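Notes to accompany the following structure.
The values are calculated or read from the model by the stated rules, or taken from the named source; none is laboratory data. Please read these numbers as outputs of a predicted model, since none were measured by experiment. Quick reminder, even Gly has a Cβ in these numbers, built from the backbone with ideal geometry, and neighbours come from all protein chains shown.
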C-alpha cells in the first residue's frame, strides 16, 4: 500500500491511498513467477529478461504427426495370375487347333474360307483369358504400417480400409490343389467388420504375407 500526499494552494493537504500490486515477471526457463524487481529467478536461478517475447512452439521434424499421405507401404499385391497364364497357354493351343480345323474343313467341303477369318477366329479365343486377366488386375491388396487397403474396380472404384488395430486373427486357408500350386486365401478376423471376416483370395505364398501382416500388427501394438 502506498500513501501519497497532495497539497493544493489555499487548502489543507490531502492524503490519497493507492493499492498497487507488484508487477510479476515470469521466468522463460522454468515459468516461475517472480517480482518485478527480481534479477534472478527465485526458483531456478536463471537471469530474468527485461522484456518477454511470444514464442511459437513447433514440433521437431522427427516428431511431426503422421498423416495418410506418408504412411509406409509394406506390400501391395493382386490375386494370383497362375490360372490366367494357364488360360493363355490353353487359348493359344486352342487357336492353333481351330485354325487347323478350319483349314481341313475347307478342304473337305470345298468351300473357301479366307485365311484372315481363320486367324481371327483363333485369336478370339485369347479374349477369354484376357478378360480374367483384366478382372484380376482390378483387385489390389495393400498393407501399410497402419491399415490394409482393398481396392476393387476401374471406373467405379471401391476402397475398403481395415485398421490393423481392429484385426484379431490372421489365418491361411488352402485346398489341396491350392497348396500344390503355391497359393491360398488369407482370412482376416476383423472386430470392426459386420461379418467378422475379410478374405484376401488366391494369394501367392499366403503364409509369407500372413507373417508380414502379423509382424506389423505386433509392431503397432508395442
Handout entry: When residues of segment 147-165 are limited to those that are exposed (fewer than 15 other Cβ atoms within 10 Å of the Cβ) and in contact with a strand residue (DSSP E or B) (Cβ under 8 Å, 6 or more places away or on another chain), the one farthest from residue 78 (Cα to Cα)
Key = 163
Handout entry: Filter result for residue 179 (under 21 Å from residue 85 (Cβ atoms) and modelled with pLDDT of 90 or more)
Key = no
Fill in the blank from the handout: Being more than 39 Å from the chain's Cα centre (by Cα) and either modelled with pLDDT of 75 or more or under 30 Å from residue 134 (Cα atoms) (or both) narrows 81, 97 down to just 97
Practice task
Being under 19 Å from residue 136 (Cβ atoms) and buried (at least 16 other Cβ atoms within 10 Å of the Cβ) is the filter here, so list the residues in segment 182-200 that pass it.
Solution key: 183, 184, 185, 186, 198, 200
Exercise for the section: Sort out which residues of segment 68-104 are surrounded by 14 or more Cβ atoms within 10 Å (Cβ to Cβ) and not in a helix (DSSP H, G or I), and write them in order of number. Expected result: 71, 74, 77, 78, 79, 80, 81
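Okay, residues lined up against (1) assigned to a helix (DSSP H, G or I); (2) free of Cβ contacts under 8 Å to residues at least 24 places away in the same chain:
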{"site": "161", "(1), (2)": "no, yes"}
{"site": "165", "(1), (2)": "yes, no"}
{"site": "172", "(1), (2)": "no, no"}
{"site": "179", "(1), (2)": "yes, yes"}
{"site": "185", "(1), (2)": "no, yes"}
{"site": "198", "(1), (2)": "no, no"}
{"site": "207", "(1), (2)": "yes, no"}
{"site": "218", "(1), (2)": "yes, yes"}
